[in-house]
Structure formats: structure tokens, C-alpha cells
1. Mind counting the residues in region 90-112 that are surrounded by fewer than 15 Cβ atoms within 10 Å (Cβ to Cβ), in a helix (DSSP H, G or I) and aliphatic (A, V, I, L, M)?
2. Considering only residues of region 37-46 that are modelled with pLDDT of 95 or more and touching a Ser or Thr at 6+ places or on another chain (Cβ under 8 Å), which is surrounded by the fewest Cβ atoms within 10 Å (Cβ to Cβ)?
3. Would you check which residues across region 14-71 are among the aromatic types (F, W, Y) and either over 24 Å from E93 (Cα atoms) or assigned to a loop (DSSP other than H, G, I, E, B) (or both) and list them?
4. Being free of Cβ contacts under 8 Å to residues at least 40 places away in the same chain and touching a strand residue (DSSP E or B) at 6+ places or on another chain (Cβ under 9 Å) is the filter here; which residues of region 25-40 pass it?
5. Which residues, taken from region 79-88, are outside any loop (DSSP other than H, G, I, E, B) and farther than 22 Å from M1 by Cβ?
6. Against the condition modelled with pLDDT of 95 or more, under 18 Å from F113 (Cα atoms) and surrounded by fewer than 18 Cβ atoms within 10 Å (Cβ to Cβ), how does N24 come out, does it pass?
Amino acid sequence: MSLNNLDLNDSQRKALYQLKKRINNKYSIVETLVFGSVARNEAEIGSDLDVLVLTNKGMSHKEKHEIYALVTEVNLEYNTNLSVLIVDKVGWESGLYSVLPIKDEIKRDGVRF
């Protein structure tokens, strides 16, 4: 499945690509995925747009804060409601997230972009 299969408006689509571009300019990302109600095409008016940002390495509090600031900038610029989950590859594959139900949900419903 691709973003083209999701019920996204033009602003949401542009915001997703812009967020990925801005994060990639500064950090090493393994992949980005849309998940949650939008990925399942069950979103309602006002639903947030959940995004997993999978990084190559663990990030400091400061680095995560910088990414959240980028998310805020993109949300304001495109009038969107992106909500980001930042997880490093090791944590995703063998850490806490490897045993949480959200990982199964994202593997099942997640849409790469």
C-alpha cells in the first residue's frame, strides 16, 4: 500500500513529505510510516495523523526535541495534525517496542512513505 491509497488531503500529503525531508536533512532515518486510523482509512474529522520515524541509532532528548519542533513547524505550515513516534532500530527490533502491541499494529497497517 502507498500514500495514494489513503484518504489524505493535499496538505497532509505535502506535510508528510516535507517532514520526512526536514528530518532526513539532519538525522539518519531507516524509514517513516503512517499508522493508526489514517492508515486503516478509519480517520474521522480531527483525527491526528500518526507517523513512525524509525532511526538508525538512539537519539538524545535534545535530538528528539528538535524533531518534535520540526513536526510543530510542519503542522503550523500545512495546518495538519501530525503526531510522531520516534523509535531507534534496536529498540524497535529487540527493545521495549518489540513486545508492545503497537508494533504489531504498525507492521499490519503501516504505510511507508
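1. Our first condition is that a residue be surrounded by fewer than 15 Cβ atoms within 10 Å (Cβ to Cβ); within region 90-112, this holds for 90, 93-96, 98-102, 104, 107-108, 112.
Okay, now just the ones that are also in a helix (DSSP H, G or I), so 90, 93-94, 96, 98-99, 101-102, 104, 107-108.
Among the residues that remain, those that are also aliphatic (A, V, I, L, M) are: 90, 96, 99, 102.
Selection size over region 90-112: 4.
2. This residue is S37.
3. Across region 14-71, the qualifying residues are Y17, Y27.
4. Filtering region 25-40 down to residues free of Cβ contacts under 8 Å to residues at least 40 places away in the same chain leaves 25, 28-29, 37-38.
If the condition is that a residue be free of Cβ contacts under 8 Å to residues at least 40 places away in the same chain and touching a strand residue (DSSP E or B) at 6+ places or on another chain (Cβ under 9 Å), then S28, I29, S37, V38 are the ones that fit.
5. Hits for region 79-88 are I86, D88.
6. Working: modelled with pLDDT of 95 or more: yes; under 18 Å from F113 (Cα atoms): yes; surrounded by fewer than 18 Cβ atoms within 10 Å (Cβ to Cβ): yes.
It is true that N24 is modelled with pLDDT of 95 or more, under 18 Å from F113 (Cα atoms) and surrounded by fewer than 18 Cβ atoms within 10 Å (Cβ to Cβ).
The values are calculated or read from the model by the stated rules, or taken from the named source; none is laboratory data. Quantities reported herein were computed from a predicted structural model and do not represent experimental measurements. Every residue, glycine as well, gets a Cβ built from its backbone with ideal geometry; the counts of neighbours run over all protein chains shown.
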